[in-house]
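For reference, the structure is listed below as structure tokens.
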Amino acid sequence: MMTTPTPTPARMRGVNRAEICDVNFQEFVRDWNGHADTRPSPDEAILDGSALDAQGFRELFESQLISRHLDLMARVLRVQNKVFYTIGSSGHEGNAMVARLTRHTDPAFLHYRSGAFMAERFRKLPGTDGKPRDPIMDSALSFAASKDDPASGGRHKVWGSKPLWVLPQTSTIASHLPKALGTAIAIEQGKRIGHALPIPGDSIAICSFGDAGSNHATAQTAFNAAAWTAYQKLPAPILFVCEDNGIGISVKTPSGWIAQNFARRADIDYFFADGLHLASGYGQVQAAVEHCRRTRRPTFLHLRTTRIMGHAGTDFEIEWRSIEELVAVEAGDPLLRSAAIALESGLMSKDEILALYETTRAKCFAAAEDADRRPRLTELSDVMAPLAPYTPDKVQAEAMRADFDAKRLEVFGSDAKLPEKQAAKHLAVQINNALHDLFCKYPEALLFGEDVAQKGGVYTVTKGLHKAFGNKRVFNTLLDETIILGLAQGYANMGLLPLPEIQYLAYFHNACDQIRGEAASLQFFSNGQYRNPMLMRIASLGYQRGFGGHFHNDNSITALRDIPGLIVGCPSRGDDAAMMLRTLAALAKVDGRVCAFLEPIALYMAKDLYEAGDGQWLTEYPSPDKALVLGEARVYNAAAVDCVIFTFGNGVPMSLRAARLIEAEHGWKTRIVDLRWLVPLNDAVIARHASECKRIIVVDEGRKSAGVGEGIITAIAEAGHGAKPMKRVVGADTFTPLAGAAFLVIPSDEQIVAAADGLAALKS
């Protein structure tokens, strides 16, 4: 019968609870007065009835001790500015069981209290000397924000490892759940289309999070999508690991809430495991892992944990929790239970445990001191290096690669039916043709979103793709933008090329964090080791003749422009759209970039420019070997110097029409610069055209307080041309209303002409 560990309550008012937990462990081991008759053999159960053998227990115990001493080390050295992260894993060391019972090729998206998981997973992949790799030094380098950190290169303390398939997260709450589910689904999707996966076909995805995090909207959308998938008998082999310590920073989770909420949830299979007790919890974790791998169904592992030493080093729990409560929590320390198992089973003596405890402490402090002597990031260029890789020659070669003629003939029907052999067409048709070409070129490409399959999208832009390439590559999702973008990240993780569609720009804001906080940050926080190549298409901007209101006429792209590393392109005409899509796909394939393609809805069907029937906004389809260069603008009336208009999207045909009126009224020849690429803006191109012209107009259909125009004007001013006569035509700081009132809030041809009138009124 195992004794219940009870820590000495003598230190009732010590503020340093980390020190108290440290001393509690040592005193518990020293004061143990039980007796064990025999020492179990390595392959013998550690306790009667346990699924865990003695060798496995010892290794798990070692991983728990590594995790604990990394926490203790961090608390000591943070005050010396040798450690820069103190959210610890103490109380969660039972997650080492999940690491032991899964494979190192099972992609893992981890909660920040995963020190023991990482220590144990390191055993899965021997070093060059054949011995297990050392997790302590890797972790110490990360704690110290050293450039030598193999996970993030010193950019953040993350649990991550490329060889161990642990994709790094920052201090996330639940925003990693959608991409973890996406990865699980991608494992099965890849097999269905014959794609060579980078991991074994029976792999599962692991995703851990806290009990408080399970309530987050992003978590709930992942659970719903997992159940939605399983309900349709589609495989989704994800192991949701809810590490339930009963508290979120300082907010307690109602007792029994996790079991009540998940134990009877349809189409997500629930398992409970005691993460505080290795001997009993091991078999429970094993059952969940084996079930997930065998059935390929979403599996919810409710892992009982506790949290000792507070949320982080700055959380002085004594200020808001009673001494009695703290002592009770510390009595549940899983390391005390593991020590008791080691002693009562006869596997280890008191002296052996204490020696291992102090040896592990010494290794952690030695590693931390070594890490502190290593170089840190000191140059901005080094910090930003993995954020936005760009290899222009390779990207251009890939964008212009056109070695898929046979597939094109099969898809389009004959040489005569190839799109470049057809008459000039409008924007929507040319995007559609370009998407067909991309699917011919990239057999790993997938297109998915709301209504994109049989219907062909709200505006028929994806018409025919489902018929040509089948349901395995073109498919509808549930109506949830967060999951659409989570799926995209999962597919990218498995080496596929996702083309998610967001039905309207306003809908993107529902799921912005999946790009800002997750997809676009992965290369940064993994030091370029992991990437999320994707090409996100968004029907965008305004001018829908007063229909749809705000949610179908969103003219703000500020949220996109704020995302580090993201590429944003916005064509105004069909030939540019086709060539831009090729370049964006190449950027994703070659450099792993996350790309957004904004499609101006109002120009989808536009045929005419100056007057009805002139057909001047129709374009011929460019052959597959033609592509744009990132940052390259299209310039109309390039020789004009009287005035230059910088614009994009809907502003391009407006500016062209306005230029005729400006010339008639003022005699000015006006140059129009269609920027096409909105992130990053090409400051050099903007500066050059501004320098060559006498007057400047910026036409930005975004809002006055937050659009593209500020970036354009800043580029002009910083290049020394800010003193030139300049006007800005922008949208109002309001949402877009219905009917004719919509045209009161967005730019017009007349406003551009009025801006020119204003410039003419200025003194030279």
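Tabulated data
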| item | result |
| --- | --- |
| Qualifying residue in the stretch 571-579 (condition: hydrophobic (A, V, I, L, M, F, W, C), crowded, with 21+ Cβ neighbours inside 10 Å, assigned to a loop (DSSP other than H, G, I, E, B) and assigned by TED's automatic domain parsing to the domain that holds Ala424) | no |
| Close pairs (7 angstrom Cβ cut-off, 6 or more residues apart or separate chains): touching a residue at least 60 places away in the same chain (Cβ under 8 Å) and loosely packed, with under 15 Cβ neighbours inside 10 Å in the stretch 379-407, among the hydrophobic types (A, V, I, L, M, F, W, C) and in a helix (DSSP H, G or I) anywhere | Thr391/Val590; Lys394/Val590 |
| Condition met for Arg265 (surrounded by fewer than 21 Cβ atoms within 10 Å (Cβ to Cβ) and among the basic types (Lys, Arg)) | yes |
| Residue list for the stretch 212-267, filter: in a loop (DSSP other than H, G, I, E, B), within 22 Å of Glu188 (Cα to Cα) and of a type in the set (Gly, Ala, Ser) | Ala236, Ala266 |
| Pick from the stretch 408-436, criterion touching a residue at least 24 places away in the same chain (Cβ under 8 Å) and basic (Lys, Arg), ranking: nearest to Gln616 (Cα to Cα) | Lys425 |
| Thr359 vs. criteria assigned by TED's automatic domain parsing to the domain that holds Trp32, at pLDDT 80 or above and in contact with a His (Cβ under 9 Å, 6 or more places away or on another chain) | no |
| Some residue of the stretch 3-12 being under 19 Å from His92 (Cα atoms), surrounded by 15 or more Cβ atoms within 10 Å (Cβ to Cβ), of a type outside the set (A, V, I, L, M, F, W, C) and at pLDDT below 95 | yes |
| Hits in the stretch 184-241 - residues which are closer than 30 Å to Pro254 by Cβ and over 20 Å from the mean Cα position of the chain (by Cα) | Asp211, Ala212, Ala227, Trp228, Thr229, Ala230, Tyr231 |
| Boolean, Thr105 is modelled with pLDDT of 90 or more, in a loop (DSSP other than H, G, I, E, B) and among the β-branched types (Val, Ile, Thr) | yes |
| Which listed residue, of Ser139, Ser152, is in a helix (DSSP H, G or I), touching a Gly at 6+ places or on another chain (Cβ under 8 Å) and either among the polar types (S, T, N, Q) or not assigned by TED's automatic domain parsing to the domain that holds Tyr85 (or both) | Ser139 |
| Residues of the stretch 322-378 that turn out to be in a loop (DSSP other than H, G, I, E, B) and either of a type in the set (A, V, I, L, M, F, W, C) or in contact (Cβ under 8 Å) with a residue 12 or more places away in the chain (or both), as a count | 8 |
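The values are calculated or read from the model by the stated rules, or taken from the named source; none is laboratory data. Since this is a predicted model, take the numbers as computed values, not measurements. Ideal geometry is used to build each Cβ from the backbone, glycine not excepted, and the neighbour counts take in all protein chains shown.
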